[in-house]
Structures are given as structure tokens and as C-alpha cells.
Amino acid sequence: MSDALARLYPSHLETVKKRFDMALAAAGFDAVAVFAGALHTLFLDDMDYPFRVNPHFKNWLPLSQAHDSFVAHVAGHKPVLVYYQPEDYWYLPPEPPSGYWSQHFDIRIIKRPEDAPGALPIARRCVFLGEWQERFKNWGFADVNPEALLNPLNYTRAVKTEYELECMRRASSLSVQGHRAAEQAFRAGASEFEIHTAFCAASGQTDNQLPYGAIIALNEHASTLHYQYWNRDKPARRHAFLIDAAAQVNGYASDVTRTYSAEPDEFQALIDALDKEQQSLARKVKPELDFKTLHMDAHHAIARLLHNFDFVKLTPEDIVAKRISSVFLPHGLGHLLGLQTHDVGGFMANPRGDSIPKPDGHPYLRITRVLKENFVVTIEPGLYFIPSLLEKLRQGEHSRQVNWPKVDAFRKYGGIRIEDNVVVKSSGDPENLTRDAFRLT
Ligand code: GLY
Ligand code: MN
Ligand code: MN
């Protein structure tokens with residue numbers, strides 16, 4: 001298994017180098033020092049917040065915990081890893097670098113963070129990339145996080161290498177192991193907290209290793225899009241379960257949502273109908289498709305469900321035109337996925353950083369870009385019964401077109417989201433990492 005990663009890594013590294021070379025040339029620098037990040041201590045305490053590595057650092061190599069380390073790159077040279085490995089007996093120091101990637105780096109071990117400048121190519125015009133620290137100010141960097149460097153890097157990394165796709169396939173497979181255990185726990189009557197624990201155990205992750213805080217929502221909690229608690233109490237009646245939880249492998253994320261009804265009732269029929277619409281949206285993913293168009297297709301799909309299930313007494317076209325679909329689907333259809341769960345770069349028109357505006361009335365859409373081969377996007381339509389938005393609808397001019405007794409009867413389910421991770425392919429069907437993982441795991 002890890003042979004595949006060893007085989008794919010060298011060409012991934014070549015791509016990363018090329019992208020950095022281009023970005024350095026465009027921004028007018030000779031070298032870059034990519035900082036992994038530093039630990040941050042809690043106020044009045046001697047403990048640190050969980051460490052989250054700079055995504056541009058883990059683009060180079062699979063190290064997610066290497067705080068105070070740098071990757072440095074000069075065009076035409078072997079990249080340098082300045083690796084912070086303190087002598088410590090309070091915390092276990094990082095292992096000596098090893099693995100399929102390590103032979104590709106000129107590795108320089110430092111025992112103290114302040115030894116880094118001696119190991120970095122600062123004599124050249126070296127630009128700093130990462131979370132800036134005051135203590136770096138006299139180290140001699142030529143600039144800090146200039147847009148002229150960041151824009152081309154964030155633009156180009158939307159296209160995934162084969163190595164990255166393999167990491168994401170593995171992340172999908174781990175996610176599915178967690179999802180299966182979570183569904184079982186739900187069916188067995190577990191609390192949100194117990195379901196969360198079952199998810200982490202089955203996917204082999206601690207809380208801090210998850211790509212994002214798991215959303216484990218029973219009943220009406222699913223109407224909060226990013227519901228963030230794990231309730232210890234078991235609800236008296238269980239109607240529905242929404243889980244948005246995933247895994248990461250070598251720093252590459254997956255992002256997966258499923259919704260279940262406790263009974264084979266009309267809510268389950270609504271889930272099944274949304275599932276069909278979701279799969280048809282996912283199948284449309286292809287190069288040169290404008291994601292804004294697909295987002296609007298999702299609104300039409302939700303409008304069809306609102307019409308067919310008799311929630312709204314208007315045609316699907318009118319439901320979209322009068323912006324009623326936005327009450328039930330108040331988020332974007334999806335986002336770029338990779339080094340971050342919400343990868344940046346979704347609005348970029350070009351590597352210079354010009355941006356493509358969001359369609360009027362859709363402020364939460366996270367991609368306005370035209371898709372290219374090997375982008376990975378999420379396709380995550382939802383249909384929710386959100387009290388605050390329903391209240392506005394009830395007060396508004398379209399209230400009479402809404403079948404309120406029906407809508408009110410569905411509030412107890414909270415809502416539905418179905419989310420897959422899809423790779424854009426230039427020929428054949430798109431690769432649905434999530435559906436493949438559910439089929440194979
Ligand atoms: N898990 C957050 C999202 O789906 O975007
Ligand atoms: Mn999600
Ligand atoms: Mn998502």
C-alpha cells in the first residue's frame with residue numbers, strides 16, 4: 001500500500017517544485033522559506049493549543065506535527081528541510097525524518113528554533129511563507145507572504161497530483177470506516193457523544209487529527225449547519241441523524257456527510273430523493289464546467305423536492321425565482337478540498353489573484369471557478385428546516401405558498417445533507433472518492 005505513495009511521491013514533488021519556481025519568478029524572489037508554524041500557549045498557562053500545520057508546508061512532505069521546522073526551496077537545488085528536533089523529556093521529540101519522501105530533501109536538524117537562520121538560504125532574496133512571528137524580524141527575509149507569491153500557489157494547487165489523489169482515496173476509506181460505525185451506533189440508540197467516540201475509534205483518529213470538528217447531530221440539531229456539540233444525553237425519541245465527519249491522510253482531507261432516518265418513513269423518502277439528485281449533480285462534474293451553474297442546478301433540484309413533497313405550492317422554477325429554495329438550502333453546493341477542508345482559491349480567476357464574484361443572493365458559495373481536470377470538489381446539497389429562516393419566510397410575502405403544517409411536521413428531523421468528494425476527470429465519469437469508498441470499504 002505505502003509502495004503506491006513511494007512510487008507517486010517523486011512526481012508530486014516535481015510538480016510542487018515547478019509551481020513554486022513559477023510563483024517565485026512571478027513574485028521576483030530567489031528562494032522561499034515555508035514555515036510549518038509555531039505552538040501557541042494558552043493565556044496564563046503552560047499548555048499549548050493543538051498544532052495545525054501551514055498547508056503550504058505539508059504540500060511538500062507528509063509532516064503534520066513538525067512545528068518550528070521549515071522547507072526552503074531555491075530553483076534548481078534539492079529542497080532543504082530545516083527540522084526542529086529538540087532534546088526534551090517533557091514531550092517526546094519528533095522522530096528523525098524517515099520514509100519515502102526523506103531522501104528527496106537536504107535535511108538539516110536544529111535543536112533550537114533560533115538556529116534556523118543558519119540553515120536557511122537567507123543570503124539570497126528569500127521570501128517567508130507562513131504564520132509570521134515577531135522573532136523572525138531580523139533574520140533577513142526579503143518579504144512576508146506577498147500576494148504575488150501566494151496567489152499563483154493557491155491557484156495552482158486546486159489541481160491535484162496523482163499522489164495527492166491517492167492520499168485522498170485513503171482518507172475517504174478511513175472516513176467510511178468511521179461512518180459505518182457511527183450509523184451502527186445511531187441505530188443502537190447511542191448519544192451524540194457516543195457516536196462521535198465510535199466514529200473516531202473506527203477511523204483511527206483522535207479529535208485533534210480530524211480535518212474538521214465532526215458534526216454529529218441527532219434530530220433537530222441537524223438544522224444547525226455546523227452543529228458543534230456532542231450531547232451526552234440520549235433524546236427521548238430519535239427521528240434522524242446527520243453526520244458530517246471525515247479523516248485526513250498525510251495532510252489531505254476528506255469531507256463526508258450522510259443523513260439517516262430512524263424509520264422507513266417519509267423523511268427517509270426525502271433523503272432517498274435528495275440522494276438521487278446529489279448523485280446526478282456529482283455526475284455532471286467535468287472540466288470547463290462553471291461551478292456557479294452547478295450550484296444553481298442544485299437549487300433547482302431542491303426546488304423539485306420542495307414541490308414534489310408538497311412543502312411549497314409553487315412550480316420548481318418559481319421556488320428558485322422567488323428565492324424560497326435558499327431558505328431550505330442556505331449554503332453553497334461545495335468547495336475545493338485538499339490540504340484544507342475548505343481549500344482557498346475557490347474564487348480565483350487566474351494565478352494573479354483576480355476574483356470571480358459570487359452570484360447575487362448566494363453569499364456562501366465557496367467556488368465560482370471553472371473546473372479543471374483533477375480539481376477535487378465537494379458536492380453537498382442540503383435541505384434543512386432552520387427555525388430562524390423559516391420564521392422569516394413565514395413573515396414574508398411568500399408565506400401563503402408554503403404548506404406550513406407539513407413543514408412544521410418535519411422540523412423534528414432537522415435536515416438533510418449528503419456530501420461526496422469528487423475528482424474532475426477529462427474523460428469518462430468523474431471519480432467519486434466517497435461513493436467508491438462506500439462501495440469498497
Ligand atoms: N464539513 C464542513 C463542510 O462540509 O464544508
Ligand atoms: Mn462536510
Ligand atoms: Mn464540505
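Rule-based calculations on the coordinates, nothing more; no lab input. Remember, it's a predicted structure, so these values are computed and weren't measured experimentally. For neighbour counting, all protein chains shown are included, and Cβ atoms are generated from backbone atoms with ideal geometry for every residue, glycine included.
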In order through segment 242-248: 3J(HN,Hα) via Karplus (6.51 cos²θ - 1.76 cosθ + 1.60), integer Hz, x for Gly, Pro:
10, 10, 10, 8, 7, 9, 10
May I ask for the Kirkwood hydrodynamic radius of segment 323-381, worked out over all distinct Cα pairs and given in angstroms to one decimal?
12.3 Å
Separation of the Tyr89 and Lys392 label points, Cα + 7 Å toward Cβ, nm:
6.0 nm
Using a 7 Å offset from the Cα along the Cα-to-Cβ direction at both Thr293 and Arg352, what is the distance between the two label points in nm, to one decimal?
2.6 nm
Based on Cβ point charges of +1 for Lys and Arg and -1 for Asp and Glu, what charge dipole magnitude is obtained for segment 275-383 about its Cα centre, in debye rounded to the nearest 20?
80 debye
Contact order normalised by residue count of segment 65-181, Cα under 8 Å, 6+ apart, percent
17 percent
Proxy reagent accessibility, fewest Cβ within 10 Å first, across Val327, Val74
Val74, Val327
Along the dipole axis of the chain (charges at Cβ: +1 for Lys and Arg, -1 for Asp and Glu; origin at the Cα centre), the most positive-end residue among Ala6, Ser98, Thr197 is Ala6
Quick check: from the Cα gyration tensor, does segment 357-441 come out rounded (a/c under 1.5), prolate or oblate?
oblate
Using alpha carbon centers only, segment 65-79 is separated from segment 1-48 by a whole-angstrom value of 7 Å
Using Cα pairs closer than 8 Å and at least 6 residues apart in sequence, work out the relative contact order for segment 8-79, in percent.
35 percent
Rough spin-label spacing in nm, given labels placed 7 Å along Cα→Cβ, for Gln209 and Asn138
4.2 nm
Between segment 321-374 and segment 103-165, the alpha-carbon center distance in angstrom:
28 Å
By how many degrees, between 0 and 90 and to the nearest 10, does the Cα long axis of helix 147-156 differ from the longest principal axis of the chain?
60 degrees
From the backbone phi of segment 414-423, what are the Karplus-calculated ³J(HN,Hα) couplings (6.51 cos²θ - 1.76 cosθ + 1.60, θ = phi - 60°) in whole Hz, Gly and Pro given as x?
x, x, 10, 9, 10, 10, 10, 10, 10, 9
May I ask you to compute the full-extension gain from Lys276 to Gln401, defined as 0.36 nm times their residue separation minus their alpha-carbon distance, rounded to one decimal in nm?
42.4 nm
From the residues Gln209, Gln65, Ala26, which one has its Cα farthest along the dipole of the chain in the positive direction, the dipole being from +1 and -1 charges on Cβ of Lys/Arg and Asp/Glu about the Cα centre?
Ala26
Cα-centred dipole magnitude for the chain, charges only on beta-carbon of K, R (+1) and D, E (-1), debye, nearest 20:
700 debye
Scale the Cα Rg of segment 146-249 by the rule-of-thumb value 2.2 N^0.38 Å and send over the ratio, two decimals.
1.31
Could you work out the percent of alpha carbon pairs in segment 190-337 separated by over 28 Å, rounded to a whole number?
28 percent
Based on C-alpha coordinates, I'd like the Rg and Dmax of the chain, in Å.
23.6, 72
Lys, Arg +1 and Asp, Glu -1 on Cβ, resulting dipole of segment 64-117 about Cα centre, debye, nearest 20
200 debye
Where does the Debye-calculated log10 I(q)/I(0) of segment 1-139 sit at q = 0.09, 0.10, 0.20, 0.21 Å⁻¹, using only Cα point scatterers of equal weight, no solvent?
-0.28, -0.35, -1.31, -1.41
Would you please give the residues with an amide H less than 5 Å from that of Ile110, counting only those at least 5 places away or on a separate chain, with H modeled from the backbone geometry?
Tyr83, Tyr84, Gln85
Residue-ordered couplings for segment 223-230, obtained by feeding phi - 60° into the Karplus form 6.51 cos²θ - 1.76 cosθ + 1.60 and rounding to whole Hz (Gly and Pro as x), are 7, 9, 4, 10, 3, 10, 9, 10
Calculated over segment 281-376: convex hull of Cα atoms, volume per residue (Å³)
103 Å³
Taking alpha-carbon centroids only, segment 409-424 lies from segment 180-211 a number of Å equal to 18 Å
May I ask for log10 I(q)/I(0) of segment 289-441 at q = 0.16 Å⁻¹, from a Debye sum over the Cα atoms as equal point scatterers with solvent left out?
-0.93
State, as an integer percentage, the relative contact order of the chain based on alpha-carbon contacts under 8 Å between residues 6 or more apart.
15 percent
Which entries of Lys78/Lys137; Lys78/Lys286; Lys322/Lys358; Lys292/Lys392; Lys322/Lys412 show an alpha-carbon separation above 30 angstrom in the structure shown?
Lys78/Lys286
Hey, what's the Kirkwood Rh for segment 64-186 if you take every pair of different alpha carbons, in angstrom?
17.6 Å
